[in-house]
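Undergrad: Attaching a single structure in structure tokens format; questions to follow.
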Amino acid sequence: MIALADRFRLDGRTAVVTGGLGRLGPIWARVLCEAGARVAAVDLPGFPVPNSLADLQGDGALEVFGADVTSRESVDRMAVEVEERLGEVDILVNNAGIDAPPEATARTFTLADHDAGVFLRTLQVNVLSAFVCSQVFGSRMAQRGHGAIVNIGSLYASVSPDARLYEHLPADPPFLKPPAYGASKAALVNLTRYLATHWGPAGVRVNALSPGGVEGGQDPEFKRKFNERVPLGRMCAPEDLEGPLLFLASGASSYVTGVELLVDGGFTAW
Ligand SMILES: NC(=O)c1ccc[n+]([C@@H]2O[C@H](COP(=O)([O-])OP(=O)(O)OC[C@H]3O[C@@H](n4cnc5c(N)ncnc54)[C@H](O)[C@@H]3O)[C@@H](O)[C@H]2O)c1
């Protein structure tokens with residue numbers, strides 16, 4: 001019998017975090033390292049490594065790999081490098097994504113004129129990349145009979161963004177969240193169910209973790225309006241994400257697969 005606290009440990013495990021050098025990637029990477037895993041932080045080649053990861057790189061818990069995760073060829077190449085340097089991969093966090101955060105400086109568009117190329121690229125990065133990385137790493141996990149995949153969704157997989165949150169921004173035309181964003185996240189959540197049922201018999205668990213809006217320099221008026229919409233009354237802090245990720249990535253969730261864990265302070269409960 002493994003003690004409860006030990007079921008959250010990841011000693012000897014190797015994890016891949018895609019989009020590992022952005023805002024949330026380092027949060028996932030750090031919690032996985034703290035639980036004992038070696039982590040491959042994968043991001044676009046040449047993407048700057050944030051200072052916040054320097055200590056993990058320094059002690060060898062984390063290594064950075066360049067790849068375009070929408071390309072099968074690029075992911076195959078990266079997978080070989082990761083396995084050579086860190087060993088076979090037990091945990092995959094499909095976190096790479098694109099969005100347009102609400103900023104006064106954002107280039108805005110009308111729905112009628114929205115660029116189909118932007119729509120398609122959003123689907124490629126937010127859904128196709130998770131499929132490609134799952135093909136590559138999930139298939140190997142299935143062969144070995146164990147593994148955990150966590151797909152990073154969003155509260156906008158469940159509900160549509162409320163345009164009133166952005167009305168105060170001085171943009172013309174008014175700021176709109178990209179329409180493909182929520183659509184891509186909803187698709188990712190259902191892809192999670194597909195992969196969970198496909199690989200369940202092989203011992204690979206696949207779940208989605210859907211954060212609410214994460215605090216990160218948004219303007220005060222946006223935050224005020226957003227917080228009013230949240231039963232817990234505030235935006236998501238980085239620490240709020242750590243426990244849920246570790247739960248889904250570790251043996252603590254050994255009988256959990258095919259679910260979407262919403263970490264949104266209750267936003268979607270209203
Ligand atoms: N920040 C939030 O409030 C929030 C809320 C809910 C969900 N999310 C989701 O969390 C994930 C991370 O968000 P974030 O805020 O850290 O975004 P971010 O833009 O800061 O980071 C995303 C990272 O993905 C990388 N990336 C993009 N395309 C890539 C590609 N083709 N190949 C490899 N890497 C690529 C980027 O270079 C970047 O480092 C996203 O999937 C996002 O949709 C974020």
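The values are calculated or read from the model by the stated rules, or taken from the named source; none is laboratory data. Please read these numbers as outputs of a predicted model, since none were measured by experiment. Neighbour counts run over all protein chains shown; Cβ positions are idealised from the backbone, glycine included.
Undergrad: Filter the stretch 99-113 down to the residues that are touching a helix residue (DSSP H, G or I) at 6+ places or on another chain (Cβ under 6 Å) and either surrounded by fewer than 18 Cβ atoms within 10 Å (Cβ to Cβ) or free of Cβ contacts under 8 Å to residues at least 40 places away in the same chain (or both) and list them by number. If you could, list the steps in order and put the result at the bottom.
TA: Keep residues of the stretch 99-113 that are touching a helix residue (DSSP H, G or I) at 6+ places or on another chain (Cβ under 6 Å), which gives 99, 102.
Asp99, the sole residue that qualifies.
Undergrad: Examine the stretch 116-133 for a residue that is of a type in the set (Ser, Thr, Tyr) and crowded, with 19+ Cβ neighbours inside 10 Å, and state whether such a residue exists.
TA: The answer is yes, given that some residue of the stretch 116-133 is of a type in the set (Ser, Thr, Tyr) and crowded, with 19+ Cβ neighbours inside 10 Å.
Undergrad: Quick one: what pairs do we get from the stretch 218-239, first residue at positive phi and at pLDDT 95 or above, second outside any loop (DSSP other than H, G, I, E, B) and within 15 Å of the ligand (Cβ to nearest atom), C-beta under 7 Å, 6+ apart or different chains?
TA: Gly233/Asn227
Undergrad: Also: Considering only the stretch 36-84, how many residues are in contact (Cβ under 8 Å) with a residue 40 or more places away in the chain and over 18 Å from Leu24 (Cα atoms)?
TA: 7
Undergrad: Mind checking which residues of the stretch 118-170 are among the aromatic types (Phe, Trp, Tyr) and closer than 14 Å to Asp90 by Cβ?
TA: Narrowing the stretch 118-170 to residues among the aromatic types (Phe, Trp, Tyr): 119, 131, 137, 156, 166.
The answer is Phe137, and nothing else.
Undergrad: So which residues in the stretch 45-83 are under 22 Å from Ala148 (Cβ atoms) and among the acidic types (Asp, Glu), if there are any at all?
TA: Within the stretch 45-83, Glu63, Asp76, Glu81, Glu83 meet the criteria.
Undergrad: While we're on this one: When you go through Glu63, Glu81, Glu34, Glu73 one by one, which is the residue that is closer than 11 Å to Ala15 by Cα and of a type in the set (Asp, Glu)?
TA: Residue meeting the stated conditions: Glu63.
Undergrad: Right, here's the next one. Hey, Thr110 hits all of (1) of a type in the set (Ser, Thr, Tyr); (2) under 30 Å from His168 (Cα atoms); (3) in a helix (DSSP H, G or I) but one; which does it fall short on?
TA: (3)
Undergrad: OK, next. Need a quick list: helices (runs of 4 or more DSSP H) entirely within the stretch 156-270 having at least 3 residues that are more than 28 Å from Leu10 (Cα to Cα).
TA: Output list reads 179-199, 220-228.
Undergrad: Within the stretch 1-18, restricting attention to residues that are more than 9 Å from Leu92 (Cα to Cα) and of a type in the set (A, V, I, L, M), which residue is surrounded by the fewest Cβ atoms within 10 Å (Cβ to Cβ)?
TA: Going through the qualifying residues, I end up with Met1.
Undergrad: Can you tell which of Asp115, Asp99 is of a type outside the set (Phe, Trp, Tyr) and either more than 30 Å from Arg38 (Cα to Cα) or modelled with pLDDT of 95 or more (or both)? Walk me through it before giving the result.
TA: Details: Asp99 fails: either more than 30 Å from Arg38 (Cα to Cα) or modelled with pLDDT of 95 or more (or both).
Exactly one residue qualifies, and that residue is Asp115.
Undergrad: Further, regarding this structure: Name, by its number, the condition in (1) within 16 Å of the ligand (Cβ to nearest atom); (2) surrounded by 18 or more Cβ atoms within 10 Å (Cβ to Cβ) that does not hold for Leu232.
TA: Just one mismatch for Leu232, condition (2).
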